[in-house]
Amino acid sequence: MNPIVRNIPSVSSIISDKRIEELSQEISTENVIYLVRKHLNSLRNKENLSLNEAQSESIVQEVLNLAKSEWPDWPIPVINGTGVILHTNLGRSPLSKSAIAASIKAAQGYSDLELDLETGKRGSRQKSIINILNQLTGSDDALVVNNTASALLLSLTSLAKGGEVIISRSQAIEIGGGFRIPDVLVQSGAKLIEVGTTNRTYVQDYVNAITENTKAILVMHASNYKVMGFTHEPKINELSEIAQNHQIPLIHDVGSGCIKDSTKFGLSPEPRPQDSINSGADICMFSGDKLLGGPQAGIIVGKKSYISKISKHPLSRAIRIDKINLAALYATLIHYIKDEVEENIPIWQMISTTQTSLLERAQTICDQINPEVSITKTSATIGGGSLPGETLDSYALKIESNTINDLSYKLRTTKNPIMSRIEDSCLLIDLMTIPPEFDEILIKELNRILI
Ligand SMILES: *Cc1c(COP(=O)(O)O)cnc(C)c1O
(Lines give C-alpha, C1' and ligand atoms only; values in the text may rest on other atoms or scores of the structure.)
Protein backbone atom coordinates (compact mmCIF):
# COMPACT_ATOMS: atom_id res chain seq x y z
CA MET A 1 0.00 0.00 0.00
CA ASN A 2 1.16 3.52 -0.80
CA PRO A 3 2.05 5.04 2.63
CA ILE A 4 0.56 8.40 1.59
CA VAL A 5 -2.89 6.76 1.78
CA ARG A 6 -2.63 7.16 5.57
CA ASN A 7 -2.57 10.94 5.09
CA ILE A 8 -5.98 11.00 3.40
CA PRO A 9 -8.34 12.88 5.73
CA SER A 10 -11.65 11.48 6.92
CA VAL A 11 -15.01 12.17 5.27
CA SER A 12 -16.16 14.15 8.31
CA SER A 13 -13.16 16.46 8.24
CA ILE A 14 -13.80 17.26 4.57
CA ILE A 15 -17.50 17.93 4.97
CA SER A 16 -16.82 20.36 7.81
CA ASP A 17 -14.93 22.65 5.43
CA LYS A 18 -16.88 25.89 4.97
CA ARG A 19 -17.01 25.64 1.16
CA ILE A 20 -18.21 22.05 1.35
CA GLU A 21 -20.87 23.06 3.90
CA GLU A 22 -22.11 25.65 1.41
CA LEU A 23 -22.20 22.99 -1.29
CA SER A 24 -24.33 20.80 1.02
CA GLN A 25 -26.90 23.59 1.28
CA GLU A 26 -27.06 23.61 -2.49
CA ILE A 27 -27.11 19.91 -3.45
CA SER A 28 -27.94 18.17 -0.11
CA THR A 29 -25.64 16.57 2.46
CA GLU A 30 -26.24 13.05 1.05
CA ASN A 31 -25.04 14.08 -2.39
CA VAL A 32 -21.96 15.79 -0.94
CA ILE A 33 -21.05 12.75 1.16
CA TYR A 34 -21.48 10.62 -1.95
CA LEU A 35 -19.05 12.83 -3.88
CA VAL A 36 -16.49 12.99 -1.04
CA ARG A 37 -16.54 9.19 -0.59
CA LYS A 38 -16.22 8.68 -4.32
CA HIS A 39 -13.21 10.97 -4.51
CA LEU A 40 -11.49 9.57 -1.40
CA ASN A 41 -11.95 6.05 -2.74
CA SER A 42 -10.40 6.98 -6.06
CA LEU A 43 -7.42 8.46 -4.15
CA ARG A 44 -7.00 5.29 -2.09
CA ASN A 45 -6.89 3.22 -5.25
CA LYS A 46 -4.54 5.52 -7.09
CA GLU A 47 -1.21 3.96 -7.90
CA ASN A 48 1.12 6.92 -7.54
CA LEU A 49 -0.84 9.11 -5.19
CA SER A 50 1.03 12.31 -4.37
CA LEU A 51 1.17 14.04 -1.04
CA ASN A 52 -0.47 17.08 -2.54
CA GLU A 53 -3.48 15.11 -3.83
CA ALA A 54 -4.03 13.70 -0.34
CA GLN A 55 -4.22 17.12 1.27
CA SER A 56 -7.50 18.60 2.44
CA GLU A 57 -7.24 21.67 0.26
CA SER A 58 -6.88 19.80 -3.02
CA ILE A 59 -9.59 17.31 -1.96
CA VAL A 60 -12.03 20.16 -1.30
CA GLN A 61 -11.23 21.72 -4.69
CA GLU A 62 -11.67 18.38 -6.42
CA VAL A 63 -15.04 17.76 -4.72
CA LEU A 64 -16.23 21.23 -5.78
CA ASN A 65 -15.23 20.36 -9.36
CA LEU A 66 -16.89 16.97 -9.15
CA ALA A 67 -20.14 18.61 -8.06
CA LYS A 68 -20.09 20.55 -11.33
CA SER A 69 -19.34 17.55 -13.54
CA GLU A 70 -21.26 14.80 -11.74
CA TRP A 71 -24.75 15.74 -12.90
CA PRO A 72 -24.26 17.60 -16.18
CA ASP A 73 -27.09 18.71 -18.43
CA TRP A 74 -27.98 15.81 -20.68
CA PRO A 75 -28.74 15.31 -23.52
CA ILE A 76 -26.93 18.19 -25.23
CA PRO A 77 -28.44 19.21 -28.59
CA VAL A 78 -25.93 18.76 -31.41
CA ILE A 79 -25.73 20.38 -34.84
CA ASN A 80 -25.33 17.45 -37.23
CA GLY A 81 -22.92 18.52 -39.96
CA THR A 82 -21.89 14.94 -40.77
CA GLY A 83 -24.21 14.59 -43.76
CA VAL A 84 -25.51 11.32 -42.32
CA ILE A 85 -29.28 11.77 -42.07
CA LEU A 86 -30.14 8.87 -39.74
CA HIS A 87 -27.10 9.08 -37.47
CA THR A 88 -27.63 6.41 -34.82
CA ASN A 89 -25.14 8.00 -32.39
CA LEU A 90 -26.96 11.31 -32.70
CA GLY A 91 -30.39 9.80 -32.08
CA ARG A 92 -31.53 8.84 -35.61
CA SER A 93 -34.61 10.74 -36.74
CA PRO A 94 -35.48 14.19 -35.34
CA LEU A 95 -39.24 14.56 -34.78
CA SER A 96 -41.71 16.80 -36.58
CA LYS A 97 -43.21 19.77 -34.72
CA SER A 98 -46.53 18.03 -34.23
CA ALA A 99 -44.84 14.82 -33.08
CA ILE A 100 -42.97 16.88 -30.47
CA ALA A 101 -46.21 18.59 -29.43
CA ALA A 102 -47.99 15.23 -29.12
CA SER A 103 -45.23 13.75 -26.98
CA ILE A 104 -45.32 16.78 -24.69
CA LYS A 105 -49.09 16.33 -24.32
CA ALA A 106 -48.60 12.69 -23.40
CA ALA A 107 -45.75 13.50 -21.02
CA GLN A 108 -46.99 16.50 -19.11
CA GLY A 109 -50.24 15.25 -17.65
CA TYR A 110 -52.86 12.57 -17.55
CA SER A 111 -54.40 11.56 -20.87
CA ASP A 112 -56.89 9.08 -22.30
CA LEU A 113 -53.97 6.71 -23.01
CA GLU A 114 -55.88 3.56 -22.08
CA LEU A 115 -59.33 4.94 -21.42
CA ASP A 116 -62.42 5.26 -23.59
CA LEU A 117 -63.81 8.67 -22.66
CA GLU A 118 -67.27 7.77 -24.08
CA THR A 119 -67.85 4.73 -21.92
CA GLY A 120 -65.45 5.52 -19.08
CA LYS A 121 -64.10 1.99 -19.46
CA ARG A 122 -60.58 0.73 -19.90
CA GLY A 123 -59.35 0.89 -23.51
CA SER A 124 -56.21 -0.10 -25.39
CA ARG A 125 -53.26 2.24 -25.95
CA GLN A 126 -52.91 0.70 -29.41
CA LYS A 127 -56.47 1.43 -30.59
CA SER A 128 -56.02 4.71 -32.47
CA ILE A 129 -52.70 3.79 -33.99
CA ILE A 130 -53.99 0.44 -35.31
CA ASN A 131 -56.57 2.23 -37.48
CA ILE A 132 -53.97 4.54 -38.97
CA LEU A 133 -51.50 1.71 -39.62
CA ASN A 134 -54.20 -0.38 -41.31
CA GLN A 135 -55.12 2.56 -43.50
CA LEU A 136 -51.50 3.23 -44.47
CA THR A 137 -50.34 -0.33 -45.08
CA GLY A 138 -53.51 -2.23 -45.99
CA SER A 139 -53.05 -4.56 -43.02
CA ASP A 140 -56.01 -5.71 -40.95
CA ASP A 141 -54.36 -5.45 -37.55
CA ALA A 142 -51.24 -3.99 -35.95
CA LEU A 143 -49.15 -3.85 -32.80
CA VAL A 144 -46.53 -1.29 -31.83
CA VAL A 145 -43.68 -2.22 -29.47
CA ASN A 146 -40.55 -0.40 -28.30
CA ASN A 147 -38.29 -1.19 -31.27
CA THR A 148 -37.96 -3.50 -34.26
CA ALA A 149 -35.33 -5.74 -32.70
CA SER A 150 -37.87 -6.64 -30.02
CA ALA A 151 -40.70 -6.81 -32.60
CA LEU A 152 -38.72 -9.50 -34.40
CA LEU A 153 -37.96 -11.43 -31.23
CA LEU A 154 -41.61 -11.22 -30.16
CA SER A 155 -42.99 -12.30 -33.56
CA LEU A 156 -40.66 -15.31 -33.77
CA THR A 157 -41.21 -16.31 -30.13
CA SER A 158 -44.98 -16.18 -30.38
CA LEU A 159 -45.32 -17.75 -33.84
CA ALA A 160 -42.39 -20.17 -34.20
CA LYS A 161 -41.16 -21.31 -30.76
CA GLY A 162 -40.21 -24.99 -30.80
CA GLY A 163 -40.36 -25.17 -34.58
CA GLU A 164 -38.24 -24.37 -37.61
CA VAL A 165 -37.93 -21.02 -39.38
CA ILE A 166 -36.69 -20.94 -42.97
CA ILE A 167 -34.49 -18.05 -44.06
CA SER A 168 -32.31 -17.42 -47.10
CA ARG A 169 -28.59 -17.75 -46.40
CA SER A 170 -28.02 -14.20 -47.63
CA GLN A 171 -30.41 -12.88 -44.99
CA ALA A 172 -29.02 -14.49 -41.83
CA ILE A 173 -27.46 -11.13 -41.11
CA GLU A 174 -26.28 -8.89 -38.30
CA ILE A 175 -28.47 -5.80 -38.08
CA GLY A 176 -25.99 -3.84 -35.99
CA GLY A 177 -24.82 -3.58 -32.41
CA GLY A 178 -24.28 -7.35 -32.38
CA PHE A 179 -27.96 -8.09 -33.07
CA ARG A 180 -27.66 -11.20 -35.24
CA ILE A 181 -30.53 -13.10 -36.78
CA PRO A 182 -29.20 -16.57 -35.87
CA ASP A 183 -28.91 -15.45 -32.22
CA VAL A 184 -32.42 -13.94 -32.23
CA LEU A 185 -33.75 -17.27 -33.42
CA VAL A 186 -31.97 -19.11 -30.63
CA GLN A 187 -33.53 -16.66 -28.14
CA SER A 188 -36.97 -17.19 -29.61
CA GLY A 189 -36.68 -20.94 -29.23
CA ALA A 190 -36.99 -21.59 -32.95
CA LYS A 191 -34.54 -23.46 -35.13
CA LEU A 192 -32.91 -21.62 -38.01
CA ILE A 193 -33.04 -23.42 -41.34
CA GLU A 194 -30.82 -21.62 -43.84
CA VAL A 195 -31.54 -22.24 -47.50
CA GLY A 196 -29.91 -21.28 -50.80
CA THR A 197 -26.48 -19.71 -51.12
CA THR A 198 -25.05 -16.34 -50.17
CA ASN A 199 -25.86 -14.79 -53.53
CA ARG A 200 -28.71 -16.87 -54.98
CA THR A 201 -31.76 -18.43 -53.37
CA TYR A 202 -34.77 -19.78 -55.29
CA VAL A 203 -38.39 -20.52 -54.41
CA GLN A 204 -37.62 -24.20 -54.75
CA ASP A 205 -35.00 -23.95 -51.97
CA TYR A 206 -37.74 -22.88 -49.57
CA VAL A 207 -40.16 -25.55 -50.81
CA ASN A 208 -37.54 -28.27 -50.33
CA ALA A 209 -36.84 -27.15 -46.76
CA ILE A 210 -40.44 -27.25 -45.55
CA THR A 211 -41.19 -30.06 -43.08
CA GLU A 212 -44.01 -30.68 -40.62
CA ASN A 213 -41.91 -28.72 -38.07
CA THR A 214 -41.75 -25.56 -40.17
CA LYS A 215 -43.46 -22.76 -38.28
CA ALA A 216 -42.60 -19.72 -40.41
CA ILE A 217 -40.72 -18.29 -43.37
CA LEU A 218 -38.66 -15.23 -42.48
CA VAL A 219 -37.58 -12.62 -45.01
CA MET A 220 -35.12 -10.01 -43.76
CA HIS A 221 -34.43 -6.89 -45.75
CA ALA A 222 -30.65 -6.60 -45.93
CA SER A 223 -30.84 -2.96 -44.82
CA ASN A 224 -27.20 -2.32 -44.20
CA TYR A 225 -25.40 -4.13 -47.00
CA LYS A 226 -25.82 -4.93 -50.65
CA VAL A 227 -25.35 -8.17 -52.58
CA MET A 228 -24.60 -7.15 -56.13
CA GLY A 229 -24.04 -8.88 -59.43
CA PHE A 230 -25.12 -12.51 -59.92
CA THR A 231 -27.90 -12.61 -57.33
CA HIS A 232 -31.42 -13.91 -56.89
CA GLU A 233 -34.06 -13.76 -54.14
CA PRO A 234 -37.68 -14.90 -54.56
CA LYS A 235 -40.35 -12.19 -54.49
CA ILE A 236 -42.69 -11.78 -51.52
CA ASN A 237 -45.72 -12.92 -53.54
CA GLU A 238 -43.94 -16.13 -54.54
CA LEU A 239 -43.07 -16.94 -50.94
CA SER A 240 -46.55 -15.93 -49.77
CA GLU A 241 -48.01 -18.64 -51.99
CA ILE A 242 -45.82 -21.32 -50.40
CA ALA A 243 -46.57 -20.04 -46.90
CA GLN A 244 -50.32 -20.12 -47.58
CA ASN A 245 -50.18 -23.62 -49.03
CA HIS A 246 -48.54 -24.84 -45.85
CA GLN A 247 -50.57 -22.61 -43.53
CA ILE A 248 -47.51 -21.00 -41.99
CA PRO A 249 -46.89 -17.25 -41.66
CA LEU A 250 -44.58 -15.34 -43.96
CA ILE A 251 -42.78 -12.83 -41.75
CA HIS A 252 -41.16 -9.90 -43.54
CA ASP A 253 -38.83 -7.49 -41.73
CA VAL A 254 -38.58 -4.48 -44.07
CA GLY A 255 -36.37 -2.52 -41.66
CA SER A 256 -36.55 1.18 -42.34
CA GLY A 257 -40.31 1.74 -42.70
CA CYS A 258 -40.06 3.73 -45.89
CA ILE A 259 -43.68 4.49 -46.81
CA LYS A 260 -42.71 7.05 -49.47
CA ASP A 261 -41.46 5.88 -52.85
CA SER A 262 -37.70 6.34 -52.37
CA THR A 263 -37.04 6.31 -56.14
CA LYS A 264 -38.91 9.65 -56.45
CA PHE A 265 -36.08 11.17 -54.42
CA GLY A 266 -33.25 9.76 -56.52
CA LEU A 267 -32.69 6.79 -54.20
CA SER A 268 -32.81 3.04 -54.89
CA PRO A 269 -36.09 1.30 -54.19
CA GLU A 270 -36.49 0.66 -50.46
CA PRO A 271 -39.12 -1.99 -49.61
CA ARG A 272 -42.37 -0.41 -48.44
CA PRO A 273 -44.59 -1.94 -45.76
CA GLN A 274 -47.72 -1.43 -47.88
CA ASP A 275 -46.13 -3.33 -50.80
CA SER A 276 -45.12 -6.13 -48.46
CA ILE A 277 -48.69 -6.50 -47.14
CA ASN A 278 -50.10 -6.14 -50.65
CA SER A 279 -47.80 -8.91 -51.90
CA GLY A 280 -49.07 -11.27 -49.24
CA ALA A 281 -46.75 -11.02 -46.23
CA ASP A 282 -48.67 -12.21 -43.16
CA ILE A 283 -46.56 -10.16 -40.78
CA CYS A 284 -44.51 -7.12 -41.77
CA MET A 285 -42.41 -5.15 -39.32
CA PHE A 286 -40.47 -1.92 -39.50
CA SER A 287 -38.74 0.75 -37.45
CA GLY A 288 -40.26 4.02 -36.22
CA ASP A 289 -37.08 6.10 -36.25
CA LYS A 290 -35.50 5.24 -39.58
CA LEU A 291 -37.06 6.32 -42.88
CA LEU A 292 -40.49 6.65 -41.29
CA GLY A 293 -39.02 9.70 -39.55
CA GLY A 294 -40.63 9.22 -36.15
CA PRO A 295 -39.64 8.11 -32.64
CA GLN A 296 -38.04 4.81 -31.64
CA ALA A 297 -40.66 2.10 -32.12
CA GLY A 298 -41.15 -1.35 -33.63
CA ILE A 299 -44.24 -1.53 -35.78
CA ILE A 300 -45.85 -4.88 -36.60
CA VAL A 301 -48.67 -4.99 -39.17
CA GLY A 302 -50.41 -7.97 -40.74
CA LYS A 303 -53.19 -10.52 -40.53
CA LYS A 304 -55.51 -10.43 -37.53
CA SER A 305 -55.06 -14.05 -36.43
CA TYR A 306 -51.27 -13.74 -36.27
CA ILE A 307 -51.20 -10.25 -34.73
CA SER A 308 -53.63 -11.38 -32.08
CA LYS A 309 -51.38 -14.29 -31.18
CA ILE A 310 -48.39 -11.94 -31.00
CA SER A 311 -50.28 -9.37 -28.87
CA LYS A 312 -51.36 -12.00 -26.36
CA HIS A 313 -47.83 -13.31 -25.77
CA PRO A 314 -46.49 -12.21 -22.32
CA LEU A 315 -43.33 -10.84 -23.96
CA SER A 316 -45.42 -8.16 -25.69
CA ARG A 317 -46.13 -6.61 -22.27
CA ALA A 318 -42.42 -6.65 -21.46
CA ILE A 319 -41.57 -4.65 -24.58
CA ARG A 320 -44.59 -2.34 -24.49
CA ILE A 321 -44.16 1.03 -26.15
CA ASP A 322 -44.22 3.99 -23.75
CA LYS A 323 -46.87 6.70 -24.03
CA ILE A 324 -44.49 9.47 -25.11
CA ASN A 325 -43.12 7.60 -28.11
CA LEU A 326 -46.56 6.27 -28.99
CA ALA A 327 -47.98 9.80 -29.11
CA ALA A 328 -45.07 10.99 -31.28
CA LEU A 329 -45.51 8.00 -33.59
CA TYR A 330 -49.23 8.66 -33.99
CA ALA A 331 -48.57 12.29 -34.95
CA THR A 332 -45.84 11.18 -37.39
CA LEU A 333 -48.21 8.74 -39.12
CA ILE A 334 -50.85 11.48 -39.44
CA HIS A 335 -48.40 13.35 -41.72
CA TYR A 336 -48.56 10.36 -44.08
CA ILE A 337 -52.38 10.30 -43.96
CA LYS A 338 -52.46 14.02 -44.76
CA ASP A 339 -49.78 13.63 -47.45
CA GLU A 340 -47.62 16.36 -45.90
CA VAL A 341 -44.46 14.35 -45.23
CA GLU A 342 -41.89 16.44 -47.16
CA GLU A 343 -43.19 19.63 -45.53
CA ASN A 344 -43.22 18.36 -41.95
CA ILE A 345 -41.00 15.38 -41.22
CA PRO A 346 -37.41 16.64 -40.73
CA ILE A 347 -35.60 13.75 -42.46
CA TRP A 348 -37.87 14.00 -45.50
CA GLN A 349 -37.40 17.78 -45.54
CA MET A 350 -33.67 17.05 -45.70
CA ILE A 351 -33.96 14.32 -48.36
CA SER A 352 -36.11 16.56 -50.55
CA THR A 353 -34.06 19.77 -50.14
CA THR A 354 -33.01 21.19 -53.49
CA GLN A 355 -29.39 21.73 -54.51
CA THR A 356 -30.16 25.39 -55.15
CA SER A 357 -31.40 26.04 -51.65
CA LEU A 358 -28.41 24.26 -50.10
CA LEU A 359 -26.00 26.29 -52.21
CA GLU A 360 -27.80 29.53 -51.35
CA ARG A 361 -27.58 28.76 -47.66
CA ALA A 362 -23.90 27.87 -47.98
CA GLN A 363 -23.23 31.21 -49.67
CA THR A 364 -25.19 33.19 -47.08
CA ILE A 365 -23.28 31.49 -44.28
CA CYS A 366 -19.90 31.97 -45.98
CA ASP A 367 -20.55 35.67 -46.48
CA GLN A 368 -20.86 36.06 -42.74
CA ILE A 369 -17.80 34.15 -41.61
CA ASN A 370 -14.07 33.94 -41.75
CA PRO A 371 -12.67 33.84 -45.32
CA GLU A 372 -10.89 30.52 -44.69
CA VAL A 373 -14.21 28.77 -45.19
CA SER A 374 -15.20 27.72 -48.69
CA ILE A 375 -18.07 25.78 -50.26
CA THR A 376 -17.78 22.31 -51.71
CA LYS A 377 -20.07 19.73 -53.28
CA THR A 378 -20.52 16.64 -51.12
CA SER A 379 -22.43 13.40 -50.88
CA ALA A 380 -24.77 13.05 -47.93
CA THR A 381 -25.92 9.57 -46.92
CA ILE A 382 -29.05 8.08 -45.36
CA GLY A 383 -27.26 6.13 -42.59
CA GLY A 384 -28.99 4.24 -39.79
CA GLY A 385 -28.35 1.02 -41.67
CA SER A 386 -30.57 2.08 -44.56
CA LEU A 387 -29.80 2.30 -48.28
CA PRO A 388 -26.09 1.40 -48.10
CA GLY A 389 -23.91 3.06 -50.68
CA GLU A 390 -26.66 5.52 -51.63
CA THR A 391 -25.77 9.19 -51.65
CA LEU A 392 -27.62 12.46 -52.04
CA ASP A 393 -25.92 15.47 -53.67
CA SER A 394 -25.32 18.13 -51.09
CA TYR A 395 -23.16 21.15 -50.24
CA ALA A 396 -20.84 21.60 -47.29
CA LEU A 397 -18.73 24.30 -45.71
CA LYS A 398 -15.11 23.30 -46.14
CA ILE A 399 -12.30 24.30 -43.82
CA GLU A 400 -8.67 23.52 -44.54
CA SER A 401 -6.33 23.50 -41.58
CA ASN A 402 -3.09 21.92 -40.38
CA THR A 403 -4.74 21.10 -37.09
CA ILE A 404 -7.85 19.44 -38.40
CA ASN A 405 -8.37 17.10 -35.44
CA ASP A 406 -7.99 20.01 -33.05
CA LEU A 407 -10.57 21.96 -34.95
CA SER A 408 -12.98 19.05 -35.05
CA TYR A 409 -12.54 18.71 -31.26
CA LYS A 410 -13.21 22.40 -30.72
CA LEU A 411 -16.38 22.25 -32.79
CA ARG A 412 -17.58 19.20 -30.87
CA THR A 413 -16.98 20.66 -27.43
CA THR A 414 -18.27 24.19 -27.93
CA LYS A 415 -21.50 25.44 -26.28
CA ASN A 416 -23.60 24.34 -29.27
CA PRO A 417 -21.64 21.26 -30.39
CA ILE A 418 -21.15 20.84 -34.13
CA MET A 419 -20.40 17.40 -35.56
CA SER A 420 -18.38 17.61 -38.76
CA ARG A 421 -16.65 15.04 -40.92
CA ILE A 422 -13.11 14.85 -42.22
CA GLU A 423 -12.52 14.05 -45.88
CA ASP A 424 -9.22 14.37 -47.76
CA SER A 425 -7.73 16.18 -44.72
CA CYS A 426 -10.43 18.86 -44.91
CA LEU A 427 -13.13 19.47 -42.38
CA LEU A 428 -16.63 19.42 -43.89
CA ILE A 429 -19.86 20.69 -42.36
CA ASP A 430 -22.63 19.27 -44.53
CA LEU A 431 -25.69 21.50 -44.76
CA MET A 432 -28.20 18.82 -45.76
CA THR A 433 -28.41 17.49 -42.20
CA ILE A 434 -28.57 20.93 -40.57
CA PRO A 435 -32.08 22.42 -40.43
CA PRO A 436 -31.90 26.06 -41.70
CA GLU A 437 -33.03 27.43 -38.32
CA PHE A 438 -29.60 26.45 -36.94
CA ASP A 439 -27.67 28.53 -39.49
CA GLU A 440 -27.48 31.55 -37.14
CA ILE A 441 -25.97 29.50 -34.31
CA LEU A 442 -23.60 27.82 -36.76
CA ILE A 443 -22.34 31.20 -37.97
CA LYS A 444 -21.84 32.42 -34.39
CA GLU A 445 -19.95 29.32 -33.32
CA LEU A 446 -17.75 29.28 -36.43
CA ASN A 447 -16.87 32.95 -35.98
CA ARG A 448 -15.92 32.30 -32.39
CA ILE A 449 -13.84 29.20 -33.10
CA LEU A 450 -12.12 30.22 -36.37
CA ILE A 451 -10.31 33.29 -35.10
C1 LIG B 1 -32.77 -1.47 -38.22
C2 LIG B 1 -33.37 -2.78 -38.44
C3 LIG B 1 -33.89 -3.50 -37.37
C4 LIG B 1 -33.83 -2.99 -35.97
O5 LIG B 1 -34.68 -1.89 -35.81
P6 LIG B 1 -34.68 -1.06 -34.45
O7 LIG B 1 -35.99 -0.31 -34.51
O8 LIG B 1 -33.48 -0.21 -34.48
O9 LIG B 1 -34.67 -2.03 -33.32
C10 LIG B 1 -34.46 -4.72 -37.63
N11 LIG B 1 -34.49 -5.23 -38.89
C12 LIG B 1 -34.00 -4.55 -39.95
C13 LIG B 1 -34.09 -5.17 -41.29
C14 LIG B 1 -33.43 -3.30 -39.76
O15 LIG B 1 -32.95 -2.62 -40.81
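For segment 95-340, the orientation-averaged shadow of the C-alpha convex hull comes to 13.9 nm² (one quarter of the hull surface).
Here is the list for segment 359-451: trypsin sites (Lys or Arg not before Pro) lying in DSSP coil, each with at most 10 other C-beta atoms within 10 angstrom of its C-beta, are K415. Of I382, I337, the order by accessible heavy-atom surface (1.4 Å probe, DNA, RNA and ligands excluded), from most exposed downward, is I337, I382. Ranking of K191, K215 by solvent-accessible surface, largest first: K191, K215 (1.4 Å probe, protein heavy atoms only, all chains present). Sorted largest first by accessible area at a 1.4 angstrom probe radius, with every protein chain in place, the residues T82, T263 fall in the order T263, T82. For segment 364-405, backbone nitrogen atoms closer than 18 Å to the point 7 Å from S425 Cα along Cα-to-C-beta are found at 373-374, 398-405. Positive end of the dipole of the chain (Cβ unit charges, origin at the Cα centre): among Y395, I418, L115, the Cα lying farthest that way belongs to L115. For segment 3-70, with all protein chains in place and a probe radius of 1.4 Å, 47% of the accessible heavy-atom surface sits on carbon or sulfur.
For helix 355-367, report the angle its Cα long axis makes with the longest principal axis of the Cα atoms of the chain; keep it between 0 and 90° and round to the nearest 10°. Orientation of helix 355-367: about 10 degrees from the principal axis. Sparse packing (at most 13 other Cβ atoms within 10 Å of the Cβ) combined with a DSSP loop state is found for the following GluC sites (Glu not before Pro) in segment 209-301: E212. With all protein chains kept in place, the per residue accessible area of segment 222-294 amounts to 41 square angstrom at a probe of 1.4 angstrom. Per-residue SASA remark: W71, around 120 Å² accessible (1.4 Å probe; ligands, DNA and RNA not included). Sparsely packed loop sites in segment 197-304 (the chymotrypsin sites (Phe, Trp or Tyr not before Pro) outside DSSP H, G, I, E and B with at most 12 other Cβ atoms within 10 Å) comprise Y225, F230.
The accessible surface of segment 95-340, taken with every protein chain in place and a 1.4 Å probe, is 51 percent carbon and sulfur.
Solvent-accessible area per residue in segment 98-189 equals 49 Å², computed with a 1.4 angstrom probe and all protein chains kept.
A probe of 1.4 angstrom, applied to the heavy atoms of all protein chains, finds M228 with accessible area near 150 square angstrom. Relative to the longest principal axis of the chain, what angle (0 to 90°, nearest 10) does the C-alpha long axis of helix 148-160 take? So the inclination is approximately 40 degrees. Does segment 3-70 classify as rounded, prolate or oblate by the C-alpha gyration tensor (a ≥ b ≥ c root eigenvalues; a/c under 1.5 gives rounded; else a/b over b/c gives prolate, otherwise oblate)? The shape class here is prolate. Here the spin labels are modelled as points 7 Å beyond Cα on the Cα-Cβ line, and at T198 and N131 they lie 5.0 nm apart.
Accessible area of L446 (1.4 Å probe, protein heavy atoms only, ligands and nucleic acids ignored): about 0 Å². Computed from the Cβ-Cβ distance with R0 of 51 Å, the FRET efficiency linking S268 to L117 stands at 0.65.
In the context of the full set of protein chains, residues of segment 3-70 present 63 Å² of accessible surface per residue (probe radius 1.4 Å, heavy atoms only).
Its Cα centre serving as origin, the chain has a Cβ charge dipole (Lys and Arg +1, Asp and Glu -1) of approximately 1100 debye.
Would you kindly calculate the mean projected area, averaged across all directions, of the convex hull enclosing the Cα atoms of the chain, in square nanometres? Over every viewing direction, the Cα hull of the chain projects on average to 29.6 nm².
Computed over the chain, the per-residue total of -39500 (n - 2.57) for DSSP H runs of n ≥ 4 gives a 222 nm mean residue ellipticity of -12000 deg cm²/dmol, rounded to 500.
Placing unit charges on the Cβ atoms of the charged side chains and taking the dipole of the chain about its Cα centre, the candidate lying farthest along the positive direction among L49, F230, L315 is L315. Of the residues S188, L267, A243, the one whose Cα sits farthest towards the positive end of the charge dipole of segment 95-340 is S188 (charges of +1 on Lys and Arg Cβ, -1 on Asp and Glu Cβ, taken about the Cα centre).
Of all DSSP-defined beta bridges confined to the chain, some 60% are antiparallel rather than parallel.
The values are calculated or read from the model by the stated rules, or taken from the named source; none is laboratory data. All values reported here derive from a predicted model rather than from experimental measurement. Using ideal geometry, Cβ is built from the backbone for each residue, glycine included, and neighbour counts are taken over all protein chains shown. The area values use the complete protein model at the heavy-atom level, side chains included, leaving out ligands, DNA and RNA. Shrake-Rupley method; radii C 1.70, N 1.55, O 1.52, S 1.80 Å.
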